[in-house]
Amino acid sequence: MRRLSPANITWLKVIIYLCAILPFFWIVLSINQGWFSADPAKDIQHFTGRMTLKFLLVTLLVTPVARYGKQPLLIRTRRLLGLWCFAWGTLHLLSYSFLELGISNLRLLGSELVSRPYLTLGIICWILLLALACTSPMWAQRKLGSTWQKLHNFIYLIAILAPIHYLWSVKVLSPQPVIYATLAVILLAFRYKKFRQWLR
């Protein structure tokens with residue numbers, strides 16, 4: 001397989017931007033056209049949550065594809081994918097805060113996050129994503145040194161907690177959250193050598 005060139009990576013980033021932005025316009029269009037169900041707030045929460053998981057899984061997919069496909073330049077897309085994962089995760093949190101609880105009910109939001117375990121997992125994932133997003137620029141990587149990689153290894157914890165959050169949040173178990181959880185396990189399995197080294 002021919003290796004990707006820097007120009008290919010640039011076009012790939014354009015595709016990533018389109019894949020990240022167009023679903024947001026689809027939400028707006030769906031609201032205007034009445035395509036959602038009788039509970040549009042819940043539909044938007046689930047949609048934004050699934051988008052977050054999709055970008056999380058694709059972010060995790062980059063490294064094994066780059067390694068086994070011998071495409072080292074593909075790593076350059078990982079930061080962009082991670083930032084969009086955080087962006088959709090933020091939209092997911094905002095959709096719950098504003099559409100479910102009300103824009104001014106921050107005290108209720110705090111109470112819900114503490115009292116409901118699946119929400120606690122969700123906010124832990126968001127806080128970790130926030131930390132990774134804030135330290136994603138190159139200047140942060142240079143300043144943090146070896147600590148940067150240790151911090152960004154928390155992506156693996158997010159990959160464990162986020163699917164559990166999804167599985168725990170659905171009232172009726174359906175194939176979709178199980179599929180996301182299975183894909184997360186498979187992508188984490190590609191890192192078994194790294195995890196085994198940590199255990200040693």
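The values are calculated or read from the model by the stated rules, or taken from the named source; none is laboratory data. Computed from a prediction, not measured in an experiment: that's the story for all the values here. Here the Cβ is made from the backbone with ideal geometry for all residues, glycine too, and neighbour counts use every protein chain on show. To get the accessible areas, we keep the full protein, side chains included, count just its heavy atoms, and leave off ligands, DNA and RNA. Shrake-Rupley method; radii C 1.70, N 1.55, O 1.52, S 1.80 Å.
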Answer yes or no: is there a residue in the stretch 5-24 that is farther than 20 Å from Arg79 by Cα and basic (Lys, Arg). no
For the stretch 92-110, check the following and say yes or no: at least one residue is part of a helix (DSSP H, G or I), within 30 Å of Thr10 (Cβ to Cβ) and either open to solvent by less than 70 Å² (accessible area, probe 1.4 Å) or in contact with an Asp or Glu (Cβ under 9 Å, 6 or more places away or on another chain) (or both). yes
Within the stretch 125-152, track down each residue that is part of a loop (DSSP other than H, G, I, E, B) and among the polar types (S, T, N, Q). Thr135, Ser136
Looking at Arg50, Arg67, Arg78, Arg116 in this structure, which one is in contact with a Ser or Thr (Cβ under 8 Å, 6 or more places away or on another chain), under 26 Å from Thr182 (Cβ atoms), open to solvent by 50 Å² or more (accessible area, probe 1.4 Å) and of a type in the set (D, E, K, R)? Arg78
Going through (1) more than 16 Å from Leu83 (Cβ to Cβ); (2) part of a helix (DSSP H, G or I) one by one, Ile155 fails only at (1)
Mind telling me which of the residues Val62, Val28 ends up being within 22 Å of the chain's Cα centre (by Cα), open to solvent by 50 Å² or more (accessible area, probe 1.4 Å) and among the aliphatic types (A, V, I, L, M)? Val28
Tell me, yes or no, whether the stretch 113-124 has at least one residue that is under 18 Å from the mean Cα position of the chain (by Cα), among the hydroxyl-bearing types (Ser, Thr, Tyr) and outside any helix (DSSP H, G or I). no
Condition broken by Asp39, with the remaining ones in (1) among the acidic types (Asp, Glu); (2) under 22 Å from the mean Cα position of the chain (by Cα); (3) open to solvent by 50 Å² or more (accessible area, probe 1.4 Å) satisfied: (2)
I need every pair where a residue in the stretch 1-16 that is closer than 23 Å to Leu56 by Cβ and among the charged types (D, E, K, R) has its Cβ under 8 Å from the Cβ of a residue that is at pLDDT 90 or above and open to solvent by less than 90 Å² (accessible area, probe 1.4 Å), sequence separation at least 6 or different chains. Lys13/Thr77; Lys13/Leu80
